[in-house]
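Report on one structure; see the data block that follows.
Taken together, the values in this text are just the output of simple stated rules run on the coordinates, not laboratory data. From a predicted model like this one, the values you see are computed outputs, not experimental measurements. In this analysis, Cβ positions are derived from the backbone assuming ideal geometry, glycine residues included, and neighbour counts consider all displayed protein chains.
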Amino acid sequence: MDDSDAFFTRTIVGAPFSALLGPRVSALQARAQGLEVDLQSGRARLSRAAREWVLLGRPLDAKGRPMRRPGAVRRWLERHALIIAACGTACLLGSMIVVGARPWN
C-alpha cells in the first residue's frame with residue numbers, strides 16, 4: 001500500500017479499525033505479524049501488515065485529538081467533483097469533435 005492508497009483509505013473509508021482492508025489473514029498469520037528478523041543476516045524489518053498499520057494509524061498524532069478538517073478549497077472540490085468531471089468530459093468530447101470536423105489538407 002503506497003501513500004496515496006493510505007491517504008484515500010484514511011480520508012474516504014475512515015480509520016483503519018472501521019473497515020477490514022487487504023487480503024484475508026488467518027488467525028495464525030495475524031499473530032505472526034510485526035517485527036520480522038532474518039536470523040542469518042540479523043536484519044530486522046516490519047512485516048507488510050505492520051507497515052500498513054503504522055502508515056494508516058498516524059502514530060505521531062496526539063491521542064484524543066480529532067483529525068484536522070480539510071480546507072475550504074478541498075471541501076468545495078469534493079462537493080463539486082461530479083460537476084467538474086462532467087465539464088472535463090464535455091471539453092474532451094468537444095475538442096474531439098472540433099479536431100475531427102476540421103478538414104485535412
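Which FRET efficiency, nearest 0.05, do Val98 and Arg51 yield, Cβ-Cβ r, R0 35 Å?
0.10
Points 7 angstrom from Cα along the Cβ direction at Leu35 and Arg79: gap in nanometres?
Once both label points are built, they end up 4.9 nm from each other.
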